[in-house]
1. How many residues are out of contact with any helix residue (DSSP H, G or I) (no Cβ under 8 Å at 6 or more places or on another chain), assigned to a loop (DSSP other than H, G, I, E, B) and closer than 23 Å to Tyr83 by Cα when one looks only at region 1-15?
2. Within the group Lys67, Lys53, which residue is among the basic types (Lys, Arg) and touching a Leu at 6+ places or on another chain (Cβ under 6 Å)?
3. I need the full set of residues from region 16-48 which are more than 17 Å from Asp72 (Cα to Cα), part of a strand (DSSP E or B) and either touching a residue at least 60 places away in the same chain (Cβ under 8 Å) or not β-branched (Val, Ile, Thr) (or both), in order please.
4. So how many residues does region 53-100 have that are outside any strand (DSSP E or B) and within 19 Å of Gly6 (Cα to Cα)?
5. Quick check on this structure: which one of Gly18, Gly55 is out of contact with any helix residue (DSSP H, G or I) (no Cβ under 6 Å at 6 or more places or on another chain) and either under 26 Å from Gly104 (Cα atoms) or surrounded by 12 or more Cβ atoms within 10 Å (Cβ to Cβ) (or both)?
6. In region 37-64, which residues are closer than 21 Å to Lys25 by Cβ and aliphatic (A, V, I, L, M)?
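We did not get these values from a lab; they are worked out from the coordinates using the rules stated. As the structure is a computational prediction, the values presented were derived from the model and not from experiment. All Cβ positions, even for glycine, are placed from backbone atoms using ideal geometry, and neighbour counts span all protein chains on display.
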Amino acid sequence: MRIRKGDIVKVLSGKNRGKTGRVLKVDSDKLRVLVEGVNLIKRHSRPTQKNPKGGIVEKESPLHISKVQLMDTRNNTPTRVGYRTLQNDRGQITGKVRISKKSGEMI
C-alpha cells in the first residue's frame, strides 16, 4: 500500500473533496482508509460507561483508497508515490523507500 498510517492525505472526490487530514487507520484487505476529520457520520449510541449520557455521536467513516492522494510535505500539493531502492557503497541493496513523484524527495 502506498498510503500508511500517519500520512497527510487530500480527498480527491466525493462530498469531502478538497479536505485534508491525517490517516488514522489503513485496511489493506478492503482498500479503505480512515482520515481524521473527514467523512463524518452521525451514529445514535445508547448510554454506556464511557458515554453515560448516550445520544448522537459524530465519528469518521472509512473512504476508499482511490479517493485520497498523499500530500507532498515540501510544497503542500498532492503527489503520486513512487519507490526507490537504497544501495550501500558496495552496490548491495539495503532497503526500499517511498518518494514523491512531484519533488523527488523521500517521504
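1. Matching residues across region 1-15 total 5.
2. Just a single option satisfies the conditions, and that option is Lys67.
3. Listed by number, the residues that qualify are Leu24, Lys25, Asp27, Arg32, Leu34, Leu40, Lys42, Arg43, His44, Ser45.
4. 11
5. Answer to the selection: Gly18.
6. Val38, Leu40, Ile41, Val57, Leu63, listed by residue number.
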